[in-house]
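Student: Below is a structure I'd like to ask you about.
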Amino acid sequence: MFCRVFNKFTRFLLIVLSVISLLSFEIKANTWDKGFKEYATLTGHKQGALKAVFSPDSKYLSLSNKDFHVNIWDVSTGKSLVMMNGFNEWPKQVDYSPDAKLLLTTDYQKIRIWEVPSGKSYKIIEGVEAPFALSPDGKYLAGKFKPFKGAFQLKLYSFPSGELKNNIDSVHKKMIRYVKWNANGSLFASSSDDGTLKLWDGKTGNLVKSLSAGKKVGLFKFNPDGKYIAAIVGEDPRSFLKPAEVIIWEVKTGNLIKKIEGFNNGLEALSFSPDGKYLVTGTRDTKASLWEIPSGNLVKTFEGHKYWVSHASFSPDCKYLLTGTADEFILWDISTGGKIKSAIAAGQGLTSAVFSPDGKVIATTSTDNTVKLWKPLGK
């Protein structure tokens, strides 16, 4: 009797250990510690690929590009599922809805909405263009519009119905550069060459706060919990050739918390870590820097790039940093600051390097039409 019970327990224990071993192997196989390898080159476009955008479920990928069409690719296979045509200008911005069921693409003074993955036309919203942004819950769409005669406007729509909630006229005196939402959808913000960053109510579109930078405001990001907002500010924050700085504001009060200066050659890359503890910047001096939030203290510098750092993003688990330069991208271990691996991603002009939302794939794009997908070694 004792032997039978012991044998059953032994078999059960062996099964449990086997499952743990398999899970451990799978977890290790999904990490980037040993580097990465290319597994697909995407085709179906002829002009420069500007930015890769994953669907929130990481199943699909599309591009903003200089073609007059948009593809939806299957991330697992790298195969094009459908191509949408009929654009009057090249799609400067594309984005997926939070439920990954719809794809939004810009066209001339309109946004086209497509069903995913079929590519069937769903709706066209007239009188809005890039930059635009969807609220995190997918219920609202905010975007810029500039009439031939008149001031810059922001428009707030119900989504996906396209019902206009608020036409906010004369919001900025000069060009609107970016529009973004905070994580809970209570606010969206707009940056402009007029030297302001403005916060708007996410349901009404009414002005909540205007933050003055004194210089042109370019790329900005809310941190994940929405407490802070960081922006690139300078004479021309879109250029690597002009001095720039990073300003961090507290969203609730509008107070300036920290100004990070010393970017004499300019900067373009700016990204918060998913846990909200750090901010990364990339500059023309071939460095990426990690800053503590909200103190703005320098934590770490990532060196070893041949050219200026134009792209920088964190893995979803905050373990890895991905940086991109003119022709290559580099994967870093954040805890040690060590380089894991670098790769030439394009013949010329790397335009984006991003992790998929699930952290299992890296996508890179370039001006020579090269679009590649990469996965961890061991997979």
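No value in this document is a laboratory result; all are computed from the given coordinates. Here the structure is a predicted model, which means the values were calculated and not measured. Using ideal geometry, Cβ is built from the backbone for each residue, glycine included, and neighbour counts are taken over all protein chains shown.
Student: Convert 37 °C to kelvin, take the viscosity as 0.692 mPa s, use the Kirkwood radius over C-alpha pairs of segment 232-379 as Rh, and evaluate the Stokes-Einstein diffusion coefficient in µm²/s, rounded to a whole number.
Tutor: So the translational diffusion coefficient is about 209 µm²/s.
Student: Still on this model: For the chain, what does the helix formula give at 222 nm: sum of -39500 (n - 2.57) over DSSP H segments with n ≥ 4, over the residue count, nearest 500 deg cm²/dmol?
Tutor: Roughly -2500 deg cm²/dmol at 222 nm, from the helical runs in the chain.
Student: Whole-Hz ³J(HN,Hα) for each residue in segment 109-126, computed from phi via Karplus 6.51 cos²θ - 1.76 cosθ + 1.60 with θ = phi - 60°, x for glycine and proline: what do you get?
Tutor: Calculated HN-Hα couplings, in order: 6, 7, 10, 9, 10, 10, 6, 10, x, 5, x, 6, 5, 9, 6, 10, 9, 7 Hz.
Student: For segment 306-359, would you read off the P(r) tail past 17 Å as a percentage of all alpha carbon pairs?
Tutor: Roughly 32 percent, once rounded to a whole number.
Student: What is the extension gain from LYS79 to ASN167, computed as 0.36 nm multiplied by their sequence separation minus the C-alpha to C-alpha distance, in nm to one decimal?
Tutor: Stretched fully, the LYS79-ASN167 segment lengthens by 27.7 nm.
Student: How big is the charge dipole of segment 113-260 about its Cα centre, in debye rounded to the nearest 20, if each Lys and Arg gets +1 on its Cβ and each Asp and Glu gets -1 on its Cβ?
Tutor: With Lys and Arg at +1 and Asp and Glu at -1, about 220 debye.
Student: If r is the Cβ-Cβ distance from GLN109 to LYS174 and R0 is 22 Å, what FRET efficiency results, to the nearest 0.05?
Tutor: 0.70
Student: Any chance you could run the full-extension gain for VAL208 through ALA326? It's 0.36 nm times the residue separation minus the Cα-Cα distance, nm to one decimal.
Tutor: 38.6 nm
Student: Under a Cβ-only charge scheme (Lys and Arg +1, Asp and Glu -1), can you give me the dipole magnitude of the chain about the Cα centre, in debye to the nearest 20?
Tutor: Computed about the Cα centre, the dipole is about 400 debye.
Student: Amide H of VAL128 versus every other amide H placed in the peptide plane: which residues, excluding those fewer than 5 positions away on the same chain, fall under 5 Å?
Tutor: Here LYS110, ILE111 satisfy the definition.
Student: Another one. How many percent of Cα pairs in the chain exceed 41 Å?
Tutor: 15 percent
Student: Just flag the GluC sites (Glu not before Pro) in segment 183-254 sitting in loop per DSSP whose Cβ has no more than 13 other Cβ atoms within 10 Å.
Tutor: GLU235
Student: Counting only Cα, what are the radius of gyration and maximum Cα-Cα distance Dmax of segment 161-280, in Å?
Tutor: Rg and Dmax of segment 161-280, Cα atoms, are 14.1, 46 Å.
Student: Which length gain, in nm to one decimal place, applies between LYS341 and ASP201 when the Cα-Cα distance is subtracted from 0.36 nm times their residue separation?
Tutor: 46.1 nm
Student: Note down the nm distance, to one decimal, between modelled labels 7 Å out along Cα→Cβ at ALA151 and at ASN184.
Tutor: With each label point 7 Å from Cα toward Cβ, the separation is 3.1 nm.
Student: While we're on this one: Within a 10 angstrom radius of the beta carbon, how do TYR96, TYR39 rank from fewest other beta carbons to most?
Tutor: TYR39, TYR96
Student: Going by C-beta contacts inside 10 Å, put SER335, SER76, SER58 in order with the fewest on the left.
Tutor: In increasing order of surrounding Cβ atoms, one gets SER335, SER76, SER58.
Student: Determine the alpha carbon to alpha carbon distance for each of LYS221/LYS287; LYS203/LYS258; LYS227/LYS306; LYS144/LYS300; LYS66/LYS277; LYS51/LYS203 and list only those over 31 Å.
Tutor: In this structure, LYS227/LYS306; LYS144/LYS300; LYS66/LYS277 lie more than 31 Å apart at Cα.
Student: Now for a separate question. Quote the FRET efficiency, to the nearest 0.05, computed for SER118 versus LYS252 with a Förster distance R0 of 56 Å and r equal to the Cβ-Cβ distance.
Tutor: Working from the Cβ atoms, E equals 0.85.
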